[in-house]
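Peer 1: Provided herewith is a single structure, encoded as structure tokens, for subsequent inquiry.
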Amino acid sequence: MRIKVLTSLPHADLQAISFLGLLKEKWDNNDITIVTDGYYDFLHVIGLPTSSVIRHLQQERERLIPIVYSPLGTIAPWRKIPIPQTLGKYIAWHACGKHEYEYLQQLFTPTTITWLKNPVTATDITVTEFASAIQRFYQEVLEHHEDFIWSLIRQRIGLLHLKEEQPAIFQVLQQILYVEYKFKRKQILSSNIEELGHLMHETNYDEDELAKNLQLLKVHGFMASLEQVMEERQLLSEGFMPIPPLQNRLTKNINKTIV
């Protein structure tokens with residue numbers, strides 16, 4: 001698991017700093033890699049929602065990056081909350097206290113909100129229990145986000161109003177759009193394009209109809225470059241390509257994002 005961390009901690013807040021130190025220790029012990037760039041599974045924000053933090057969150061949301069946020073008590077009824085509703089409902093929140101949990105529910109339901117006590121300040125949860133619970137929360141966030149992405153893809157294809165006798169085209173388009181999403185995340189897995197290649201070899205569909213729908217979805221150029229990548233990796237042969245493959249800059253960029 002790869003995490004990008006964004007912190008906004010007051011220098012004098014020793015409890016918040018101790019919480020961050022605890023997290024870093026547990027990340028190291030649980031095969032979690034902290035990254036500053038490249039691909040990552042989600043962003044974990046810790047601390048105060050400043051204007052710069054919110055701008056960063058909006059950029060991450062536009063890229064459909066999952067976001068976990070531990071405000072550590074900095075979001076409260078007596079403070080002005082500058083977080084837009086649409087952004088707040090996209091974030092998966094981690095509340096350390098009961099009142100914080102209830103207030104986040106009031107502000108941003110429905111979304112993923114967990115109440116997990118901070119072992120730095122609470123005596124009824126051990127560090128080991130916290131580490132296990134935060135790991136489960138991370139996994140829940142990733143699974144929820146994956147469901148969310150597939151629902152967006154189905155909605156996007158739904159706008160095409162495909163005929164009932166075209167389920168094969170629906171399946172192939174789904175997988176192409178998912179690979180496009182992973183490309184934008186800079187983390188196409190080899191298994192993602194292997195699955196697409198297998199699907200295109202084994203599924204009987206109208207190539208002209210698929211090509212037309214690729215145009216309508218505005219992924220025709222992406223698919224042409226992706227076909228070139230798949231051909232180079234012997235995952236797709238010429239007779240199974242709905243459109244001619246294309247070797248260009250996008251082809252090189254797709255290759256760079258495969259992990």
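Peer 1: Once phi is turned into ³J(HN,Hα) by the Karplus curve 6.51 cos²θ - 1.76 cosθ + 1.60 with θ = phi - 60°, what whole-Hz value does each residue of the stretch 146-152 show in order, with x for glycine and proline?
Peer 2: For the stretch 146-152, the Karplus-derived couplings read 4, 4, 4, 5, 5, 5, 5 Hz, x marking Gly and Pro.
Peer 1: Let me ask something else about it. Could you sort TYR69, TYR39, TYR90, TYR181 by their accessible area in this structure, using a 1.4 Å probe and putting the largest first?
Peer 2: TYR39, TYR90, TYR181, TYR69
Peer 1: Using each residue's phi in the stretch 40-50, evaluate 6.51 cos²θ - 1.76 cosθ + 1.60 at θ = phi - 60° and report the 3J(HN,Hα) Karplus result to the nearest Hz, with x for Gly and Pro.
Peer 2: Whole-Hz 3J(HN,Hα) from phi for the stretch 40-50: 8, 7, 6, 9, 10, 9, 10, x, 6, x, 6.
Peer 1: Put one equal scatterer on each alpha carbon of the stretch 64-154, apply the Debye formula with no solvent term, and list log10 I(q)/I(0) at q = 0.19 1/Å to two decimals.
Peer 2: After summing over all Cα pairs, the log10 values are -0.92.
Peer 1: What residues have an amide H closer than 5 Å to that of ILE34, excluding those fewer than 5 places away on the same chain, when H is modeled at 1.01 Å from N in the peptide plane?
Peer 2: ILE3
Peer 1: Also, quick follow-up: Of the labelled options [x] 1.35; [y] 1.19; [z] 1.84, which one gives Cα Rg over 2.2 N^0.38 Å as computed for this structure?
Peer 2: [y]
Peer 1: Could you tell me the relative contact order of the chain? Use alpha-carbon pairs under 8 Å, at least six residues apart, and round to a whole percent.
Peer 2: Reported as a whole number, the value is 13 percent.
Peer 1: Around LYS98, with a cut-off of 13 angstrom between Cβ atoms, what is the net charge of the other residues, counting Lys and Arg +1 and Asp and Glu -1?
Peer 2: -2
Peer 1: While we're looking at this one, here's another question. Using a 1.4 Å probe on the protein heavy atoms only, what accessible surface does GLU25 show? Give it in Å² to the nearest 10.
Peer 2: 100 Å²
Peer 1: Further question: For ILE113, which sequence-distant residues (separation of 5 or more, or a different chain) have an amide H within less than 5 Å of its own amide H, given hydrogens modelled in the peptide plane?
Peer 2: TRP93
Peer 1: Another one. Using the structure shown, list the pairs from LYS98/LYS182; LYS218/LYS252; LYS26/LYS182; LYS218/LYS256; LYS182/LYS252 with a Cα-Cα distance above 26 Å, or answer none.
Peer 2: Over 26 Å Cα-Cα: LYS98/LYS182; LYS26/LYS182.
Peer 1: Rounding to the nearest 10 and keeping the result within 0 to 90°, find how far the Cα-based axis of helix 190-202 lies from the longest principal axis of the chain.
Peer 2: Its long axis makes an angle of about 30 degrees.
Peer 1: Among SER190, GLN58, ASN248, which residue has its Cα positioned farthest towards the positive end of the charge dipole of the chain, with +1 placed on the Cβ of Lys and Arg, -1 on the Cβ of Asp and Glu, and the dipole taken about the Cα centre?
Peer 2: GLN58
Peer 1: For Cα pairs less than 8 Å apart in space and 6+ apart in sequence, what is the mean separation divided by the residue count of the stretch 82-195, i.e. the relative contact order in percent?
Peer 2: So the answer I get is 15 percent.
Peer 1: Here's a follow-up. By the scheme Lys and Arg +1, Asp and Glu -1, what is the net charge of all other residues having a beta-carbon under 11 Å from that of PRO66?
Peer 2: -1
Peer 1: Name the long-range amide H neighbours of LEU6: under 5 Å, sequence gap of 5 or more, or other chain; modelled H, no Pro or chain starts.
Peer 2: Amide H to amide H, under 5 Å and 5 or more residues apart or across chains, LEU6 pairs with HIS44, VAL45, ILE46.
Peer 1: Then there is this: Using only the Cα atoms of the stretch 15-62, each taken as one equal point scatterer with no solvent, compute I(q) by the Debye sum, divide by I(0), and report log10 of the ratio at q = 0.18, 0.28, 0.31, 0.33 Å⁻¹.
Peer 2: -0.72, -1.13, -1.16, -1.18
Peer 1: What figure in square angstrom, to the nearest 10, would you give for the accessible area of GLU140 with a 1.4 Å probe?
Peer 2: 90 Å²
Peer 1: Whenever you get a sec, line up THR74, THR251, THR36, THR86 from highest to lowest accessible area (probe 1.4 Å, protein heavy atoms).
Peer 2: THR36, THR86, THR74, THR251
Peer 1: Also: Per residue, how much accessible area does the stretch 12-148 show when a 1.4 Å probe rolls over the protein heavy atoms, in square angstrom?
Peer 2: 51 Å²
Peer 1: Ignoring ligands, DNA and RNA, please state the percent of accessible area on the chain from carbon and sulfur, probe 1.4 Å.
Peer 2: Here it works out to 50 percent.
Peer 1: Any number yet on Rg/Rh for the stretch 105-259, C-alpha, Kirkwood?
Peer 2: Using Cα coordinates only, the ratio equals 1.13.
The values are calculated or read from the model by the stated rules, or taken from the named source; none is laboratory data. Being a predicted model, the structure only gives us computed values, none of them experimental. Cβ coordinates were reconstructed from backbone atoms using ideal geometry, including for glycine residues, and neighbour counts include every protein chain displayed. Heavy atoms of the whole protein, side chains included, go into the accessibility calculation; ligands, DNA and RNA do not. Shrake-Rupley method; radii C 1.70, N 1.55, O 1.52, S 1.80 Å.
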